[in-house]
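For reference, the structure discussed in these notes is given below.
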Amino acid sequence: MRYQEGGNYTQDMIDEARLVAIHIHGNQNYDNIFPYEKHLADVVRILEDFNYTGKYLIAGWLHDSIEDGAISYNKIKNYFGLEVAEMVYAVSDELGRNRKEKKEKTYPKIRHNPDAVVIKLADRIANIQHGGKIEMYQKEYQDFKNNLYLPGIGESLWNKLESLLKL
């Protein structure tokens, strides 16, 4: 099912995004034990818990798809619409010599797309809830917030993130 601009994001499209994401991530795993689908489902569940629907759920399933190189921006755009493609592109890490450089190049893309900020927050929360990495994320938090915080965007997600990081 291809998205028609101006159309609604249906449950069928969300289901198709899930299938595409599972296919794309294939044998990849999360925390060296779980199928990668678990991380994607965690992100989507967080979005649902905070009442994000439609395009957010589709982007939640696909958020690592471009970054992992298995699908193009244009394919996402053709099948799931421009808004979803832009969100997924925005949260896809740019190349860099290290994590800090990658994030410095990626954060401006995310900030430019408020919907992508929501996806990134859900991704970060999922990573902390499942995989820990609390110390790393605590160290990065101020830079993360300085670069991505937009008043009124994802406030409840920001509060959850700060709570998890004990800030």
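Here, each number is a calculation from the coordinates, and none is a lab measurement. Because the structure is predicted, anything quoted here is derived from the model rather than measured. When we count neighbours, we look across all protein chains shown, and the Cβ atoms used for this are built from the backbone with ideal geometry, even at glycine.
For the reader, a short list of remarks on this structure follows.
- Calculated P(r) tail over 12 Å for segment 1-64, as whole % of Cα pairs: 67
- Rg then Dmax, both in Å and based on the Cα atoms of segment 88-167: 11.9, 33.
- Protection proxy ranking of 129-138, 36-45 - average other beta-carbon atoms within 10 Å, highest first: 36-45, 129-138
- Globularity ratio of segment 39-127, using Cα Rg and 2.2 N^0.38 Å: 1.01
- Segment 141-167 and segment 32-55 have Cα centres lying 18 Å from one another.
- Rel. contact order, % - alpha carbon contacts under 8 angstrom, at least six apart, the chain: 20
- Subset of K38/K109; K55/K139; K75/K133; K77/K139; K75/K139; K75/K166 violating a 29 Å alpha-carbon distance limit: K55/K139; K75/K133; K77/K139; K75/K139; K75/K166
- For the chain, Kirkwood radius (reciprocal of mean inverse C-alpha pair distance, Å): 16.0
- Placed amide H near Y30: partners under 5 Å, 5+ positions off or other chain: Y36
- Counting Lys and Arg as +1 and Asp and Glu as -1 over every other residue whose Cβ lies under 10 Å from the Cβ of H39, the net charge comes to -4.
- For the chain, the mean residue ellipticity at 222 nm estimated from helices alone is -19500 deg cm²/dmol, where every DSSP H run of n ≥ 4 contributes -39500 (n - 2.57) and the total is divided by all residues, rounded to the nearest 500.
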